[in-house]
Amino acid sequence: MAPTNEQIAALKKDTPTFSPKNVTVLFVLGGPGAGKGTQCANLVRDYNFTHLSAGDLLRAEQNREGSEFGNLIKEYIRDGKIVPMEVTVQLLENAMTDAVEKNKEGKGKFLIDGFPRQMDQALKFEETVCPSKFVLFFDCPEEEMQKRLLERGKTSGRSDDNAESIKKRFKTFVETSMPVVDYFNDQKRVVKIVATKMPDQVYKETREKLEERLGKDF
């Protein structure tokens, strides 16, 4: 039987698991098709970040043999609902713990892609896992994202790369994720990148802005 929300509720912690002195967390947000994955791959290659995708972790967990959350995740995804944040936050924390334990100095640098999707996820993660440095926000208008995703849909095989799904995904992003961007922006914790240019130009701007914010040796 799948665990209930009561069973998966994270333990109350007095302090987050990781200190920002040892662990750097950047949330990476942008609408569907904004190019987050491409830019994350570039940053992993050049700056040794660990790239964590909340969606990938959930998909892997639902198929992992013996997972206590597998059936629960399947049910939520099947019904088109957002998986309880306690599960997502716990999976991210587990993945971060694995990476930090492998580092001789007990340090880590993480790009957390497509998360937080909602305000409560942002607050829970920062309270229990680690305060983030800032949000890396790839800003791209709906028309451009739709054009990219429809083009990708010709070869991707993804069932959600169609006009109707794209509209729904963009609407969800505006309604649930943009308030997160606005919240961090009010705290001066957003690095905004114009994502309409060619990928190499977008990456050039990304590097320049991150080095400006974190220093050249980040």
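No value in this document is a laboratory result; all are computed from the given coordinates. Every value quoted in this text rests on a predicted model; they were computed, and no experiment measured them. Counting neighbours? That spans all protein chains shown, and the Cβs are built from the backbone with ideal geometry, glycine included.
Data overview
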{"quantity": "Violating pairs (Cα-Cα greater than 25 angstrom) within the set 13/209; 36/147; 154/197; 109/167", "calculated": "13/209; 109/167"}
{"quantity": "Shape call, the chain: gyration tensor on alpha carbons, a/c limit 1.5", "calculated": "oblate"}
{"quantity": "Label-to-label distance, nm, for residues given as residue 213 and residue 65 (7 Å Cα→Cβ offset)", "calculated": "4.2"}
{"quantity": "Part-to-part distance (alpha-carbon centres) for the range 113-165 and the range 28-81, which is given in Å", "calculated": "10"}
{"quantity": "Cross-link partners of residue 192 among aspartates and glutamates (Cα-Cα below 13 Å; sequence separation of 8 or more within a chain)", "calculated": "139, 182, 205, 208, 212"}
{"quantity": "DSSP-defined beta bridges in the chain - what % are antiparallel, rounded to 5", "calculated": "0"}
{"quantity": "With at most 10 other Cβ atoms within 10 Å, longest stretch of the chain clear of loop trypsin sites (Lys or Arg not before Pro) (DSSP)", "calculated": "105-187"}
{"quantity": "Helix-only CD estimate at 222 nm, as mean residue ellipticity for the chain, using -39500 (n - 2.57) per DSSP H run (n ≥ 4)", "calculated": "-15500 deg cm²/dmol"}
{"quantity": "Dipole magnitude of the chain, debye to nearest 20 (Cβ charges: Lys/Arg +1, Asp/Glu -1, about Cα centre)", "calculated": "460"}
{"quantity": "Efficiency of FRET from Cβ geometry, residue 15 and residue 204, R₀ 35 Å, rounded to 0.05", "calculated": "0.40"}
